[in-house]
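Here the structure is laid out as structure tokens; the discussion comes afterwards.
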Amino acid sequence: MSAEAPRRPLADSLRPHNLETFCGQRHLLAKGKPLREAVVSGRLHSMLFWGPPGTGKTTLARIISTQAGAQFLSISAVLAGVRDIRSAVEKAKTFRAEQGGQTIFFVDEAHRFNKAQQDAFLPYVEDGTITFIGATTENPSFEINNALLSRTRVYVLMSLDASDIQQIIDRALVEPECGLGGTISMTEELQLRLAEAADGDARRALNLLEIAAALVSDEEGTARIDADLLEEVLAGGSSLRFDKGGDAFYDEISALHKSVRGSNPDAALYWLSRMLEGGCHPPYLVRRLIRMASEDIGNADPRALQVAVQAGQAFDRLGSPEGELALAQAAVYLACAAKSDAVYRGFKAARQDARRLGSLEVPMHLRNAPTKLMRELGHGAGYRHAHDEPGAYAAGEGYFPEGMGTKRYYQPVNRGLEIRIAEKLTTLRDLDRRRGSKKN
């Protein structure tokens, strides 16, 4: 008697085979949408599906292939080499020659394809031997070569909402052949809890359901997944998506930065928590907080930079999780502080001038003169020491290179301490005008 074949994972066995059972992506697959019309009519074109894990990229490619009656060849960009690609191309040629059919060449994790791999099949996309469909979780603008990107249409798949995933869970519970066939039950409330914990990923939801079902499968009759069991399964790790160095990573740090800039401490705390819960390295967040203190607050509240630096020092001393509270304190302080990007703008403009104007000579009166020869050559001649002047200010003195003119890079804003700074600079410039500033 042969051994029973191992059961396929629930996420694979429950994969939809048509658009009627496909959940989510209504912005692409609702009636009248171009992608749906292409699928229904069987009109193939090369495309790239970009979206988070578990949103149906592979499933949708298979449905398109089935609808068009095309041969479906699938490879992973992580495992495949040029030889595998050439083999797939030969199969496509044979299929077209013998049956007159089309071939969909599906590449999972397409962002990992290198130039040599892409060059190996690109000509066959152009001549119609294969129709390329790629799936990627990374931004195609950065990860896919322009030659391939220009020959494909990019479709953005969105994370599934909780109602979509709950619908998939409900189908998994009752489906007799590819699901659990009514042998396992759970309340609608727990289904929603599972759907929310899946964080937009249908595959994760089905994998967690399968683990929970296995833990109660030995009971007689219809087994029930209760709240305690589900929480035990969900406690196995963070459900948040976080890909260090990936698109989601930079989107989240951007959201944190803009929440601080926008003076919203609650949103700042949320995005800080999202990144910490997702596994972001706290020292990286310290670096970003210090940057925010200089870029968006600056001299409107110089204490912000101190708070950010001290938060990093506190974390170094305490470690995680205790030190994370110091990061939260810094994020809230920065969000509530007076805002000014005057230093950032001024520094940026000064850097542009430094690059544009080249190596202009340092004025003689500003040059260092540590030796007799240098003094004899005029280094430092005519320099007015500010501390020897009334109010410690050498009114009218020039500090820019000859011929460059006087620049005003730093323009304090009317907020925080920069109000006082602006008042002082106005007073000093009035003194310059009375004295008659140098033409440089």
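Where a number appears in this text, it was derived from the coordinates with a stated rule and is not lab data. These numbers were taken from a predicted model, which means no experiment stands behind them. Heads up, the Cβs are rebuilt from the backbone with ideal geometry, glycines too, and the neighbour counts pull from every protein chain shown.
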(message) Ranking request for peptides 256-263, 50-57: highest mean number of other beta-carbon atoms within 10 Å first, then the rest in descending order.
(response) 50-57, 256-263
(message) As an exercise, use a Förster radius of 22 Å and the Cβ-Cβ distance of residue 8 and residue 79 to find the FRET efficiency, rounded to the nearest 0.05.
(response) 0.60
(message) What's the magnitude of the charge dipole for the chain around its Cα centre, counting Lys and Arg as +1 and Asp and Glu as -1 at the beta-carbon? Answer in Debye, nearest 20.
(response) 3120
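Using unit Cβ charges (K, R positive; D, E negative) and no other charged atoms, how large, in debye to the nearest 20, is the dipole of the stretch 1-145 about its Cα centre? List each step's numbers first, then the result.
On the way: 17 positive and 14 negative charges, 66 e Å.
The calculated dipole for the stretch 1-145 is roughly 320 debye.
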(request) Using only Cα atoms, tell me the angle between helix 82-99 and the longest principal axis of the chain; keep it within 0 to 90° and round to the nearest 10. (result) 40
(message) Taking the square root of 5 times each eigenvalue of the Cα gyration tensor, what semi-axes in Å does the equivalent ellipsoid of the stretch 25-156 have, largest first?
(response) 21, 19, 12
(message) With Kirkwood's inverse mean 1/r over C-alpha pairs for Rh, give me the Rg to Rh ratio of the stretch 347-435, two decimals please.
(response) 1.03
(request) If a/c stays under 1.5 just call it rounded; otherwise compare a/b with b/c (prolate if a/b is bigger, oblate if not). Do that for the stretch 162-234, with a ≥ b ≥ c from the square roots of the Cα gyration tensor eigenvalues. (result) oblate
(request) Quick one: what are the phi-derived ³J(HN,Hα) couplings along the stretch 15-22, Karplus 6.51/-1.76/1.60 with θ = phi - 60°, whole Hz, x for glycine and proline? (result) 4, x, 10, 8, 5, 5, 9, 7
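Under the 0.36 nm per residue contour assumption, what length would be gained going from the current alpha-carbon distance of residue 313 and residue 419 to full extension? Working shown, then result.
Working: separation 106, 0.36 × 106 = 38.16 nm, distance 3.03 nm.
Taking 0.36 nm per residue and subtracting the Cα distance, the gain is 35.1 nm.
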(message) Compute the distance from the alpha-carbon center of the stretch 80-132 to that of the stretch 329-397, in whole Å.
(response) 61
(request) Mind giving me the nanometre distance, one decimal, between the label points for residue 371 and residue 214, set 7 Å out from Cα along Cα→Cβ? (result) 7.9
(message) Can you bin every Cα-Cα distance in the chain into 10 Å intervals starting at zero and give me the percent of pairs per bin, rounded to whole numbers?
(response) 4, 14, 17, 18, 16, 12, 8, 6, 3, 1, 0
(request) Name the residue farthest towards the positive end of the dipole of the stretch 127-190 from the options 166, 128, 139, assuming +1 on Cβ of Lys and Arg, -1 on Cβ of Asp and Glu, about the Cα centre. (result) 128
(request) With a 10 Å radius around each residue's Cβ, average the other Cβ atoms per peptide and rank 195-202, 9-16, highest first. (result) 195-202, 9-16
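Where the eigenvalues come from the Cα gyration tensor of the stretch 247-336, what are the semi-axes √(5λ) of the equivalent ellipsoid, largest first, in whole Å? Let's see the in-between values first.
Working: eigenvalues 62, 53, 21 Å².
So the three semi-axes of the stretch 247-336 are 18, 16, 10 Å.
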(request) Using θ = phi - 60° and the Karplus relation 6.51 cos²θ - 1.76 cosθ + 1.60, list the HN-Hα couplings for the stretch 282-288 in order, rounded to whole Hz, with x at every Gly or Pro. (result) x, x, 5, 5, 4, 4, 5
(request) Determine the principal axes of the Cα atoms in the stretch 305-362, then give the extent along each, sorted from largest to smallest and rounded to whole angstroms. (result) 52, 24, 15
(message) Under a Cβ-only charge scheme (Lys and Arg +1, Asp and Glu -1), can you give me the dipole magnitude of the stretch 321-440 about the Cα centre, in debye to the nearest 20?
(response) 520
(request) Compute the distance in nm between two label points, each set 7 Å from the Cα along the Cα-to-Cβ direction, one at residue 122 and one at residue 170. (result) 4.8
